[in-house]
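Notes to accompany the following structure.
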Amino acid sequence: MSHIDDLKSFTPAKAFFVGIDSDGCAFDTMEIKQKECFIPNTCNYWELQAVSTMARQAGEFVNLYSQWRGINRFPALVMTLDLLADRPEALERGYKLPEIAPLRDWIGRETALSNTTLKKEVAGTNDPLLTQTLRWSEAVNETVGKVVRNVPPFPYVRQCLETLQAQADVIVVSATPCDALVREWAEHDIARYARMICGQEMGSKKEHLQHCAGGKYAPDHVLMIGDAPGDMKAAKANNCLFFPINPGKEAQSWQRFLEEGIVRFYAGTFRGAYEEELVKEFMDLLPSVPPWKSPRKCC
Ligand SMILES: [Mg+2]
């Protein structure tokens with residue numbers, strides 16, 4: 001059975017549907033994963049030792065503190081390497097953009113970017129650059145497995161999940177590998193609140209929402225909760241409502257969802273001015289220009 005068939009087999013049990021992103025949204029795992037797992041492996045596997053400070057800045061900007069926050073690891077890697085190539089100080093230190101055309105091509109044509117699909121591509125092509133990418137990605141997973149533990153859900157997440165159970169089908173909508181997701185949700189005893197845990201092997205977030213919820217619920221009965229613009233995009237592509245978890249203000253966001261968002265969602269007063277106000281606050285927190293390229297702030 002394909003991953004799409006798995007998603008399509010989802011049947012509504014409640015009148016409402018809520019998709020929840022995991023990293024940086026339900027769990028405070030974005031910081032530790034990026035800073036302790038992704039970036040050190042990126043420096044190591046892509047030979048960025050000489051420009052490690054700038055590589056760290058680029059990795060943090062792309063993955064945590066910009067409108068690209070939360071994008072899939074493979075395009076994020078390309079963007080990080082491209083940002084370095086666009087930085088004169090990195091070039092001065094001898095940085096040279098690797099020949100990543102095969103990676104760009106693969107990203108362009110593959111719809112489920114994951115280690116599983118990359119492994120197949122490597123087996124079929126023997127491409128050295130893709131092999132290097134796979135080694136990097138597997139090393140990241142290994143480091144995540146070793147380093148990331150005891151990171152609880154953000155405050156108010158559990159209460160929200162409990163409150164939602166009465167009227168909503170909840171699923172996890174994530175670009176993280178499935179085994180890591182299941183481990184994290186089970187470790188904190190919240191896996192039981194999710195009817196399905198969808199990770200990167202099961203397609204994109206847009207596909208998760210489209211095939212699990214599309215055409216199965218009444219209009220405005222489907223909501224996505226996320227901490228990244230990509231989550232919002234996936235929601236909007238499916239005409240779902242979106243509740244943002246603001247980076248750096250996650251607990252306040254979940255409290256707001258508990259006290260206000262859920263009520264509005266059920267009452268049919270979420271879409272419109274309320275949602276627009278939430279989205280504006282959210283987008284204001286995520287710039288598109290890196291800090292090293294921004295005009296210096298006047299003192
Ligand atoms: Mg996220």
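Odds and ends about this structure:
- Residue list for the stretch 1-47, filter: over 16 Å from the mean Cα position of the chain (by Cα), in a helix (DSSP H, G or I) and among the basic types (K, R): K8
- Output for the stretch 268-280, where each listed residue is surrounded by 13 or more Cβ atoms within 10 Å (Cβ to Cβ) and either in contact with a Leu (Cβ under 9 Å, 6 or more places away or on another chain) or in a helix (DSSP H, G or I) (or both): F270, R271, Y274, E275, L278, V279
- Contact annotation: residue pairs with Cβ atoms under 9 Å, 6 or more positions apart or on different chains, pairing a residue in the stretch 248-262 that is closer than 15 Å to G24 by Cβ and outside any helix (DSSP H, G or I) with a partner that is charged (D, E, K, R) and at pLDDT 95 or above, are K249/E281.
- Flag for R192 being more than 13 Å from the ligand (Cβ to nearest atom), within 18 Å of the chain's Cα centre (by Cα), among the basic types (K, R) and not assigned by TED's automatic domain parsing to the domain that holds C37: no
Here is a yes/no grid of residues against (1) over 23 Å from I190 (Cβ atoms); (2) outside the structural domain of Q200 (by TED's automatic domain parsing); (3) within 15 Å of the ligand (Cβ to nearest atom):
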site	(1), (2), (3)
K8	yes, no, no
A15	no, no, no
T42	yes, yes, no
Y45	yes, yes, no
S52	yes, yes, no
F61	yes, yes, no
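- Number of the exception - T176 against (1) more than 17 Å from I262 (Cβ to Cβ); (2) modelled with pLDDT of 95 or more: (2)
- Selected residue (criterion: farthest from the chain's Cα centre (by Cα)) from residues of the stretch 171-189 that are more than 16 Å from the ligand (Cβ to nearest atom) and not in a helix (DSSP H, G or I): D189
- There is at least one residue in the stretch 253-267 that is crowded, with 20+ Cβ neighbours inside 10 Å, more than 30 Å from A85 (Cβ to Cβ) and within 19 Å of the chain's Cα centre (by Cα).
The values are calculated or read from the model by the stated rules, or taken from the named source; none is laboratory data. Source: prediction; values computed, not measured. With ideal geometry, Cβ positions are generated from the backbone for all residues, glycine too; neighbour counts draw on all protein chains shown.
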